[in-house]
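Taking it in order: structure first as structure tokens, then the write-up.
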Amino acid sequence: MRKKQLLYFYGITALALTTTNANAIDFFSKPWNREFDTTYLESYSPHNWSKTAKDDYGIPKATKLLEIIKEKNNNERYPKAFLNSEIIEEMRKKYNSDIDYYKFIKANYVDKIDSLAKINRKDRGKYIELMNCFINLGIAYYVTKDEKIAQKAWHIFKEQMSNYEVKMKAFHYDFHCFASGYDMFQGAWNQAQRTEAQKFLYDNFLTFALKIFEEPLSNKVSRAFVTTGRSNIAIQAYGGFIPMAITLSSVYPKESSDLLYETLHYLAIATTEMAPDGAWREGPSYWGWTARRGYIPAFSCLKNGLGSTFGIDEMAGVDECGYFSLYVNSVIPNKSFRFADSGEDNQIGKKEYFFANYFKDKKLANALKALKGSRLSPIPQYFDLQKKAKSEISLPLSKKFGRIELASFRSSWLNKNGWFTAFKGGFPSEIHGNLHTGTFVIDALGERWVTTGGGTSYDAKDVWNYSPLGGRWRYFGARAESKNCLIVNNGIPKNKNLYPMMENYVLPDQYPFSKSVITDFKTNGLGKKAGGYAILDMTEAYRDFCNSARRGVKLHTSGNRVTIQDEVLFRHRMFYNANFLMTLYSDTKVTINENKSSAILERNGKKILVSINSNIESAILELREMKPLDNSQGIIANGMDKTYKNLKQLVVKIENKNRLERDFLRLTVEFEEYNAKSKGVTNIKILKDWELENSSIFNAIGF
């Protein structure tokens, strides 16, 4: 019966993908259109997308927004968005009365006019530099009233107008820079300059943005792409549309109110994804883009220009989003937990300081000062909050993020030689998602011992097809085998003759539309002391092989030992004759002992012992060449991704030429500092019996 069911499922799927019906092909090849979101995405998203899209979220209608705009435009005071006249007045007063503030503004703005006006980038980063340039020059202008600064800004703005060319891939950057330039200096330029700028912005931006919500513009920028709200680019677009609409509202009130209504509506929809705790599903790097070019300009300009975000900043999780980067960041200052297509560099920066200021969060401000030092703001009330911040951290050492199913544990906040581990479940098919259910990292002694490479080339053929047998899953960097995951037969049942219709398709090594949930999360003393564990139910990810698959990750209360444990209950005896691997990626020197039950990882004179234990005697450690696993269907896109260049593939291997005698597999891997007292795997317990040693255990969902 099971054999027939599998044959039927894969056969029907193959027929759906190979059919000549245009609609069927379109359905699987365009993962960001609304039709895709309202069908497949609902099967694994915590939100009903079609219902969500119809909800108004309390956003005022365009007619009401028009009334608000007209009321706000009764005076001719500028700027209107990135700053406003009230803030400017406070800045001037503080500049003339507070010596510390005066020194800060003078050193960072007034004395740096020439360097602030230089644009070094030639690529899309140019527009990011331009936005910063106009805002910083504007601050210098408003505290000094030096007309030379305003004219310098005009020359830069005019040069950019004359050289401007719409680039579909980077349109969301353009809005920010031109909106900031006009907003900061419209009150300083003469009428002819303002008229020229207004016409340029109307022709190239305001009408462009309105058309996005009315009809498709191209295969790169369309209504569907912007209105799904599921990617960082969509939210970056909203962060550009809002300031453009507000800054042009005095001359084009009707068009501005229409654009604001559409944008606020979809920004509200997108923000539901931040519930319940402010985590971002595309990973820490893309959260940076989403915050800096999306939420920060959107919130700032709405508050400054209209006096309200209309409840968007009060939605679940938003006031906690400043903590996300802190918890995915390691104890090592320059490392973070990489997942999705993100990088692994330090992700704590300007955005966290903004949210600490915006929400007047002293606890976050204090933690940031302890971790990164002070970052003062030219906005007076933010300047005062940062100046008064104490260098102390009162945050739990462990945290679970519910929407993305991620848990992180650390032995300390400030000891860079401490221990850190984090792992993730959730939804593999998120935008920028990869098949990384269960992947983890381990840092200790100031080094990264277990790491993970990035994704794959964005230009690879069909790489954005997230459907169950989509092209994305053929690429090594998007597959579970390229992460620190459990691999069963490389995702392929051994009896290949069951799948004659699948010869031309790559089977993913985890089910892309699975949802893996952290079912247990316990910390030591509410996270105030080192130690904690989480257990992830991965069954859906391995649904064609297992009745149950779970992974536990524990940082022991000693704060210097990590355990990873997998438990698998096989689905059917046809899969007993299977190969199991746990992949571990490291760029350290690796030495495996004679009996292949342990290995020593070495870097910079420091050593970590990796020990394994299983109820299946054939479990051994192997060191493999950095490439797709044997018999894998994964391929390398455009050469090996640079993030894999120096990695070694250490695998725990369980190979069975005969059927396993048991229908249950337990595999335990432990990491500890290598020295004379190293013990290897000890005190083995199955996951349901896990506990923390000598601790006061608490269930802690978030903090």
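Remarks
- Subtracting the Cα-Cα distance of residue 203 and residue 190 from their residue separation scaled by 0.36 nm leaves 2.7 nm.
- Remark: spin-label model distance residue 663-residue 615 equals 1.2 nm, labels positioned 7 Å along the Cα→Cβ axis.
- Accessible surface computed residue by residue for segment 291-448, with neighbouring protein chains in place and a 1.4 Å probe, gives 27 Å² per residue.
- Taking θ as phi - 60° and the Karplus parameters 6.51, -1.76 and 1.60, the scalar couplings of segment 560-570 work out to 9, 7, 10, 10, 10, 9, 10, 10, 10, 10, 5 Hz in sequence order, x denoting glycine and proline.
- Residues with amide H under 5 Å from that of residue 485, placed H, sequence gap 5 or more: 583
- With all protein chains modelled, accessible area of residue 429 [1.4 Å, Å²]: 0
- Taking the protein heavy atoms of segment 238-307 in the context of the full set of protein chains, the accessible area attributed to carbon and sulfur is 52 percent at 1.4 Å.
- Residue 203 - accessible surface, heavy atoms, 1.4 Å probe, Å² rounded to 10: 80
- Förster-model FRET efficiency, 41 Å R0, residue 303 and residue 415, C-beta, rounded to 0.05: 0.60
- Portion, in percent, of the accessible area of segment 341-451 that falls on carbon or sulfur, probe 1.4 Å: 47
- In the assembled protein chains, residue 310 presents an accessible area of approximately 40 Å² (probe radius 1.4 Å).
- The stretch between residue 155 and residue 103, if pulled fully straight at 0.36 nm per residue, gains 15.9 nm over its current Cα-Cα span.
- Förster radius 30 Å - calculated FRET efficiency between residue 528 and residue 89, Cβ distance, rounded to 0.05: 0.10
- Couplings 3J(HN,Hα) for segment 340-357, derived from phi with the Karplus relation 6.51 cos²θ - 1.76 cosθ + 1.60 (θ = phi - 60°), are 6, 9, 6, x, 10, 7, 4, 10, 8, x, 4, 5, 5, 5, 4, 5, 4, 5 Hz, where x marks Gly and Pro.
- Amide N of segment 57-84 lying under 14 Å from the label point, which is placed 7 angstrom from the Cα of residue 132 along Cα→Cβ: none
- Derived scalar couplings ³J(HN,Hα) [segment 266-272; Karplus, 6.51 cos²θ - 1.76 cosθ + 1.60; whole Hz; x for Gly, Pro]: 7, 5, 4, 4, 4, 6, 4
- Full-extension gain in nm, residue 686 to residue 558, via 0.36 nm per residue minus C-alpha separation: 44.1 nm
- Sorting 376-388, 237-249 by their mean Cβ neighbour count within 10 Å, with the most densely packed peptide first, gives 237-249, 376-388.
- Put simply, the amide H of residue 441, placed in the peptide plane, has neighbours under 5 Å in 422, leaving out anything fewer than 5 places away on its chain.
- For residue 649, residues with placed amide H under 5 Å, excluding near neighbours: 624, 626
- Inter-probe distance in nm under a simple model that places probes 7 Å from Cα toward Cβ, at residue 519 and residue 645: 4.3
- Equivalent ellipsoid dimensions for segment 318-427 as semi-axes, Å, which come from the Cα gyration tensor, largest first: 24, 15, 12
The values are calculated or read from the model by the stated rules, or taken from the named source; none is laboratory data. What you see is a predicted model; the values in this text were computed from it and never measured. With ideal geometry, Cβ positions are generated from the backbone for all residues, glycine too; neighbour counts draw on all protein chains shown. All accessible areas refer to the heavy atoms of the entire protein, side chains included, with ligands and DNA or RNA removed. Shrake-Rupley method; radii C 1.70, N 1.55, O 1.52, S 1.80 Å.
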